[in-house]
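The values are calculated or read from the model by the stated rules, or taken from the named source; none is laboratory data. As the structure is a prediction and not an experimental result, all values here were calculated from the model.
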Amino acid sequence: MSSSWNAVGLEVLYQVLGWVAFFAWSFSFYPQVVLNYKRKSVVGLNFDFLVLNLTKHSSYLVYNAALFFSPFIQRQYHDKYGDKE
């Protein structure tokens with residue numbers, strides 16, 4: 001028995017798993033912050049990680065903001081991918 005990917009149940013599951021992944025990923029950084037605060041030290045924290053993480057998040061923010069707010073980029077995206085779901 002196969003289900004269509006357009007089924008409501010699968011869409012709900014997809015959304016729930018997406019939000020769970022988002023929150024798990026977001027909260028995964030807090031234990032290090034709490035540990036550093038309690039120790040009043042950042043010994044053992046690799047600053048390359050901070051720079052690369054900031055670069056990653058900044059790039060992702062620019063990408064999503066441009067896709068969301070720029071009609072020009074939205075038109076380019078639509079021209080390339082159309083109304084595919």
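Before moving on, here are some points about what is shown:
- Criterion applied to Val16, Val8 was being at pLDDT 85 or above and of a type outside the set (Ser, Thr, Tyr), and the one residue passing it is Val16.
- Sole exception among (1) at pLDDT 85 or above; (2) on the phi > 0 side of the Ramachandran plot for Gln74, by number: (2)
- Looking across segment 12-43, the residues that are part of a loop (DSSP other than H, G, I, E, B) and of a type outside the set (Val, Ile, Thr) come down to Ser28, Phe29, Lys40, Ser41.
- Hits in segment 50-85 - residues which are among the acidic types (Asp, Glu) and not in a helix (DSSP H, G or I): Asp83, Glu85
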